[in-house]
Amino acid sequence: MAAMDPDLRIDALAPHHDRAGFSCGIDDLDRYLATQAGQDVRRKANGVFVVTASARPETVLGYYTLCATALEPGAVPAAARKHIPRYPLVSATLLGRLAVSTTCQGTGLGAILLADALRRAYASATTIGSCMVVVDALNTRAAAFYATHGFMQLPDSMRLVLPMVVVGKLVL
């Protein structure tokens with residue numbers, strides 16, 4: 001997993017973070033941070049985590065969201081099924097959004113955010129129960145990013161999964 005630059009911080013979204021000033025080049029992701037993320041945090045619908053530079057703690061360089069979800073076992077790729085219980089629904093952690101500011105794209109910041117998200121998901125898995133991390137890639141480029149980090153793509157879908165057993169090997 002990616003190493004964290006000591007000049008960067010990843011914290012839960014807070015009122016001092018400049019959400020409106022963030023732009024990653026994808027309107028839906030920009031709009032979510034500017035208009036919906038604060039409400040989701042207050043309602044406990046999503047955990048929203050932002051990366052900032054220590055020198056400018058109000059400027060959001062990137063963000064991601066985490067929340068609980070569930071999948072039908074049949075939707076899980078065969079290679080991952082051995083890591084899940086035989087329940088009607090399998091508990092999972094949804095990495096709902098991950099975005100990097102246009103000024104920081106190509107610097108490895110996405111991998112740093114993903115590593116932090118996986119660490120948090122793994123740490124919470126024993127408390128709330130989660131067999132895997134799930135992402136819904138916006139496009140083929142995003143799907144390739146997650147596949148590079150070990151995620152397995154579901155057939156005929158932009159959804160990818162990473163069993164928590166594998167996450168544990170990556171983050172420990």
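The values are calculated or read from the model by the stated rules, or taken from the named source; none is laboratory data. These numbers come from a predicted model, not from an experiment. So basically every Cβ, Gly included, is an ideal-geometry build from the backbone, and we count neighbours across all protein chains shown. Protein only, heavy atoms only, side chains kept; ligands, DNA and RNA dropped before computing areas. Shrake-Rupley method; radii C 1.70, N 1.55, O 1.52, S 1.80 Å.
Screening segment 66-172 for helices (runs of 4 or more DSSP H) wholly inside it with 1 or more residues that are touching a His at 6+ places or on another chain (Cβ under 9 Å), at pLDDT 90 or above and on the phi > 0 side of the Ramachandran plot returns no ranges. Per the conditions (1) in a helix (DSSP H, G or I); (2) open to solvent by 60 Å² or more (accessible area, probe 1.4 Å), the sole criterion not satisfied by residue 5 is (1). Among the residues of this structure, residue 45 counts as one that is part of a loop (DSSP other than H, G, I, E, B), touching a strand residue (DSSP E or B) at 6+ places or on another chain (Cβ under 9 Å), open to solvent by 20 Å² or more (accessible area, probe 1.4 Å) and of a type in the set (A, V, I, L, M, F, W, C). When we screen 18, 30, 40 for residues that are more than 19 Å from residue 110 (Cβ to Cβ), crowded, with 17+ Cβ neighbours inside 10 Å and modelled with pLDDT of 95 or more, the only hit is 40. Any residue at all in segment 30-41 that is closer than 27 Å to residue 166 by Cβ and either in a loop (DSSP other than H, G, I, E, B) or not small (Gly, Ala, Ser) (or both)? Taking every residue of segment 30-41 in turn, none turns out to be closer than 27 Å to residue 166 by Cβ and either in a loop (DSSP other than H, G, I, E, B) or not small (Gly, Ala, Ser) (or both).
The residues of segment 117-158 that are surrounded by 19 or more Cβ atoms within 10 Å (Cβ to Cβ) and farther than 24 Å from residue 13 by Cβ, listed by number, are 131, 132, 143, 151.
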